[in-house]
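S.K.: First the structure, which I've put down as structure tokens, then a few questions once you've had a look.
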Amino acid sequence: MNSRERVLAALQRKTPDRVPTFEFVIDSQVMDAILPRADLFEFVDAMGLDAIAVRPNIRKEQIEEDVFRDERGVVVRRTTQDYLEPVNTVIRNEEDLRRFEFPDPHASHRLDGLSRAVERFKGRLPVIAFLRDGWSEARDLHGFAESLVDLHDNPRLVRGIVEKAVDYYSELGRLAAKLGAEIAFSGDDIAGNNGLLMSPQHFQDVIYPAMKRLYTNWHRCGLHIIKHSDGDLSPILDLLIDTGLDCLHPIDPLAGMSLAKVKKEYGDRICIMGNVNCAGNLVFGSEDQVIEEVKHCIEVAAPGGGYILSSSNSIPRSVKPENYVAMLGAVREYGKY
């Protein structure tokens with residue numbers, strides 16, 4: 001099997017030749033320490049990762065040092081080389097929502113990175129459209145705290161933002177699939193280490209219907225769907241699966257989620273992806289400890305197929321480069337079926 005066949009088999013809950021592995025985010029400093037001056041495409045090829053995720057291109061104009069305004073009108077501040085934090089509010093009320101329009105999904109630059117990835121990797125490994133399912137747009141456009149409060153006080157406004165985002169990302173997914181993407185990644189956090197960011201009822205009333213509509217639209221385009229969220233998702237796992245997702249990432253160990261438990265209870269319904277602790281052994285441990293953690297993940301989640309090994313979130317710059325290399329080597333050595 002090549003990488004494409006391996007990943008698609010896992011997403012379909014089949015048994016590939018070995019457990020596939022890839023990440024959605026790898027910090028540029030970690031990449032440079034492992035393979036100096038390599039870009040993401042070169043790194044994926046050189047390290048033998050099984051898929052590549054590419055974000056839409058949202059242009060930004062610099063308005064002061066480390067502060068930018070993107071095409072949505074969101075002002076962001078660079079906190080690290082690879083992370084931008086929103087610092088303003090674009091949508092304050094329903095009149096702002098009525099006037100707001102997302103950037104043109106058909107703009108020539110929007111999916112240029114994804115197009116280049118397809119050109120390079122098509123047939124060898126699947127290209128993933130790194131998208132959103134709506135909640136993160138409410139957070140960015142209306143404000144994180146404001147959106148949480150208004151799930152209770154003004155759910156109509158939050159619902160309106162999320163539904164408008166679903167329209168936008170439905171079209172981006174359609175365009176990405178037309179270009180050759182085979183997977184959509186939905187990267188909106190709806191929980192944290194202490195539990196859900198919202199009540200299960202607010203999730204069911206406001207977020208769940210929008211996610212289900214979006215995932216239905218993506219499936220109609222032929223895309224497989226990987227849903228990401230940090231945190232303990234246990235109270236809404238059945239609802240999440242009912243949205244139509246194909247794979248859940250990353251089964252967050254810091255929040256107390258058990259890879260073995262999720263595999264046992266849901267592995268016949270979805271693919272499982274995770275969960276080598278990116279705030280634990282990958283940062284503080286030895287290479288041998290990382291290898292043992294990889295072996296444990298494979299032992300509890302790989303049987304029967306339907307498993308992709310990854311970190312428990314991403315590869316941040318705090319990860320020891322040699323530990324990430326050890327993780328990749330271990331899955332190739334111990335992940336064979």
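Only the coordinates and a few stated rules stand behind these numbers; no lab work does. Keep in mind that what you see is a predicted model, and the values were worked out from it rather than measured. Using ideal geometry, Cβ is built from the backbone for each residue, glycine included, and neighbour counts are taken over all protein chains shown.
S.K.: Which percentage, to the nearest 5, of the DSSP beta bridges contained in region 8-142 is antiparallel?
M.R.: Beta bridges within region 8-142, antiparallel portion: roughly 80 percent.
S.K.: Continuing with the same structure: Which Cα, out of VAL90, PHE144, ALA129, lies furthest along the positive dipole direction of region 3-334 (beta carbon charges, K/R +1, D/E -1)?
M.R.: Farthest along the dipole direction, towards plus: ALA129.
S.K.: What is the local net charge at ASP66, summed over the other residues whose Cβ is closer than 9 Å to its Cβ (Lys, Arg +1; Asp, Glu -1)?
M.R.: The answer is 0.
S.K.: Between SER199 and LYS264, with labels modelled 7 Å along Cα→Cβ, what's the label distance in nm to one decimal, could you check?
M.R.: My value for the distance between the label points is 3.2 nm.
S.K.: Could you line up HIS202, HIS249 from fewest to most neighbouring Cβ atoms inside 10 Å?
M.R.: Values: HIS202 17, HIS249 26.
If I rank by nearby Cβ atoms, fewest first, I get HIS202, HIS249.
S.K.: Around VAL44, what is the net charge, scoring Lys/Arg as +1 and Asp/Glu as -1 over all other residues with Cβ under 13 Å from its Cβ?
M.R.: Here the charged neighbours net out to -1.
S.K.: For region 158-197, what does the equivalent ellipsoid look like in terms of its semi-axes, each the square root of 5 times an eigenvalue of the Cα gyration tensor, given largest first in whole Å?
M.R.: For region 158-197, the ellipsoid semi-axes come out as 25, 16, 4 Å.
S.K.: Report, in debye and to the nearest 20, how large the dipole of region 3-334 comes out about its Cα centre when Lys and Arg carry +1 and Asp and Glu carry -1 on their Cβ. Before the final figure, lay out each step's value.
M.R.: On the way: 40 positive and 52 negative charges, 203 e Å.
That gives a dipole near 980 debye.
S.K.: OK, next. Using 31 Å as the Cα-Cα cut-off, could you pick out the over-long pairs in LYS164/LYS261; LYS227/LYS320; LYS122/LYS261; LYS164/LYS320; LYS60/LYS263?
M.R.: In this structure, LYS164/LYS261; LYS122/LYS261; LYS164/LYS320; LYS60/LYS263 lie more than 31 Å apart at Cα.
S.K.: Say the dipole of the chain comes from +1 at the beta carbon of Lys and Arg and -1 at that of Asp and Glu; which of LEU248, GLY180, VAL331 then lies farthest toward its positive end?
M.R.: Most positive-ward Cα: GLY180.
S.K.: Something else about it: Rounded to the nearest 0.05, what FRET efficiency do GLU292 and ARG77 give with R0 = 45 Å and r taken as the Cβ-Cβ distance? Could you check?
M.R.: Details: r = 39 Å, r/R0 = 0.87.
Plugging the Cβ-Cβ distance into 1/(1 + (r/R0)^6) gives 0.70.
S.K.: Let me ask you something else. For VAL87 and LEU35, compute 0.36 nm times the residue count separating them, minus their Cα-Cα distance, and round to one decimal in nm.
M.R.: 15.3 nm
S.K.: Helix-only estimate, please: 222 nm mean residue ellipticity of the chain, summing -39500 (n - 2.57) across DSSP H runs of length 4 or more and dividing by its residues, to the nearest 500.
M.R.: Values: 14 runs with 143 residues, N = 337.
Using -39500 (n - 2.57) per qualifying helix, the result is -12500 deg cm²/dmol.
S.K.: Turning to a different aspect of this structure: Principal axis lengths of the chain from Cα atoms, whole Å, largest first?
M.R.: Extents along the principal axes: 57, 43, 39 Å.
S.K.: Can you tell me how much longer the chain between LYS336 and ASP153 gets when fully stretched, taken as 0.36 nm per residue apart minus their C-alpha distance, in nm with one decimal? Kindly include the intermediate steps, with their values, before the conclusion.
M.R.: Working: separation 183, 0.36 × 183 = 65.88 nm, distance 5.16 nm.
Gain on extension, LYS336 to ASP153, equals 60.7 nm.
S.K.: Please give the net charge around PHE102, taking every other residue with its beta carbon less than 10 angstrom from that of PHE102, where Lys and Arg add +1 and Asp and Glu add -1.
M.R.: Counting the neighbours of PHE102, the net charge comes to -4.
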